[in-house]
1. State whether one or more residues within the range 148-163 are in contact (Cβ under 8 Å) with a residue 24 or more places away in the chain, touching a helix residue (DSSP H, G or I) at 6+ places or on another chain (Cβ under 7 Å) and open to solvent by 60 Å² or more (accessible area, probe 1.4 Å).
2. Out of curiosity, is residue 141 in a helix (DSSP H, G or I) and buried (at least 19 other Cβ atoms within 10 Å of the Cβ)?
3. Taking the condition in contact with a His (Cβ under 7 Å, 6 or more places away or on another chain), assigned by the TED database to the domain that holds residue 199 and touching a residue at least 40 places away in the same chain (Cβ under 8 Å), does residue 38 pass?
4. Is it the case, given these coordinates, that residue 169 is without any contact (Cβ under 8 Å) to a residue 60 or more places away in the chain and under 14 Å from the mean Cα position of the chain (by Cα)?
5. Have a look at 160, 138 and point out the one that is in contact with a Phe, Trp or Tyr (Cβ under 9 Å, 6 or more places away or on another chain) and aliphatic (A, V, I, L, M).
6. Can you name the condition, by its number, that residue 181 falls short on among (1) among the polar types (S, T, N, Q); (2) more than 26 Å from residue 40 (Cβ to Cβ); (3) open to solvent by 70 Å² or more (accessible area, probe 1.4 Å)?
7. What number goes with the only condition from (1) open to solvent by less than 40 Å² (accessible area, probe 1.4 Å); (2) in contact with a strand residue (DSSP E or B) (Cβ under 8 Å, 6 or more places away or on another chain); (3) more than 30 Å from residue 40 (Cα to Cα); (4) not aromatic (Phe, Trp, Tyr) that residue 124 does not pass?
8. Within the group 213, 182, which residue is closer than 18 Å to residue 81 by Cβ, hydrophobic (A, V, I, L, M, F, W, C) and in contact (Cβ under 8 Å) with a residue 60 or more places away in the chain?
Amino acid sequence: MDALIEVSGLTKRYGDTLAVDGVDLTVLPGEVYGFLGPNGAGKTTTLRILTGLIAPTSGDVRVLGGAPGRADVLGRTGSMIESPALYPYLSGLDNLRLLAEYAEVPRKRINEVLELVDLTDRARDRFSTYSLGMKQRLGVAAALLKDPELVILDEPTNGLDPAGMRDMRRLIRELGSDGRTVLLSSHLLGEVQQICDRVGIINSGRMVAEHNVEELRGEQELVIRATPRNKAHDVLAGFGTVHQYDDTLRVQVDPQRAAEVNRVLVEAGIEVSELRSTERALEDVFFELTSEEKADVG
């Protein structure tokens, strides 16, 4: 399929600071794509480039087949980058009315997006009286006003309580299943794991991985608690890649070989107190990849 977003060799420099360093990124039609990274990794800078808010220093960027910020591209794109910038002295409803008039959107669409983000009851209250979570939801409503083909959201669950986060997950899943394409940045790995088809992980301005969630998580692992741990680590290395998490070791090996792994450890004089199978969480992969990237930079 032709990609809706194609980024190749994207670089953004602010003086001596390299905020984005040679990023390649591809978002396909109809998918929910999670853009992950710690604070300062370059997520928001990349999204600002994709929406035409800032220009790249170098690299090729195509959004919906055109250049970011071009009128026809913006007409098919809805976005919320960082905190929603709306008028504090206007109500949520009047803010949306103003945006709808500017974008030539029928007014009936306003009620539809307010209902989507569950703000109908507070629509006539001033934006300045909204909680952080309500402001985020109104920002998402504004992004959806044009019924866009592509939706770009920067940390959409920021400030939401658990119920609000659940509702936002539902909304994003519905957007993806309704034929729209969603690109969202987040640092909440559990959230992304539940709603995204593919993820890209950025760290220190560089992309360190881009896969669908299941591929990124990889195969199942065995979790082992054993003493002495260093000796157990050396023995387990004969079965596959070993990682240490707190007081346990994890080895990428078929769980069907659990009895064999246990036998080899015991025969080596190692005391095994726990051995179980598990699938790696996206959080584990994220910290593993970002730790490796820091080591490479160092």
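The values are calculated or read from the model by the stated rules, or taken from the named source; none is laboratory data. Given the structure is predicted, the values throughout are model-derived calculations rather than measurements. Positions of Cβ are backbone-derived with ideal geometry, glycine not excepted, and every protein chain shown enters the neighbour counts. Heavy atoms of the whole protein, side chains included, go into the accessibility calculation; ligands, DNA and RNA do not. Shrake-Rupley method; radii C 1.70, N 1.55, O 1.52, S 1.80 Å.
1. So in the range 148-163, the residues in contact (Cβ under 8 Å) with a residue 24 or more places away in the chain come out as 148-161.
From what's left, touching a helix residue (DSSP H, G or I) at 6+ places or on another chain (Cβ under 7 Å): 151-154, 156-161.
Going one step further and asking which of them are open to solvent by 60 Å² or more (accessible area, probe 1.4 Å), we end up with 158, 161.
Within the range 148-163 (the criterion being in contact (Cβ under 8 Å) with a residue 24 or more places away in the chain, touching a helix residue (DSSP H, G or I) at 6+ places or on another chain (Cβ under 7 Å) and open to solvent by 60 Å² or more (accessible area, probe 1.4 Å)), the answer is yes, since at least one residue qualifies.
2. Here the answer is yes, as residue 141 does meet what is asked.
3. When the stated conditions are applied, residue 38 passes them.
4. Numbers: without any contact (Cβ under 8 Å) to a residue 60 or more places away in the chain: yes; under 14 Å from the mean Cα position of the chain (by Cα): yes.
Yes: the conditions hold for residue 169.
5. When all the criteria are applied, what remains is 138.
6. (3)
7. Failed condition: (1).
8. Only one candidate qualifies: 182.
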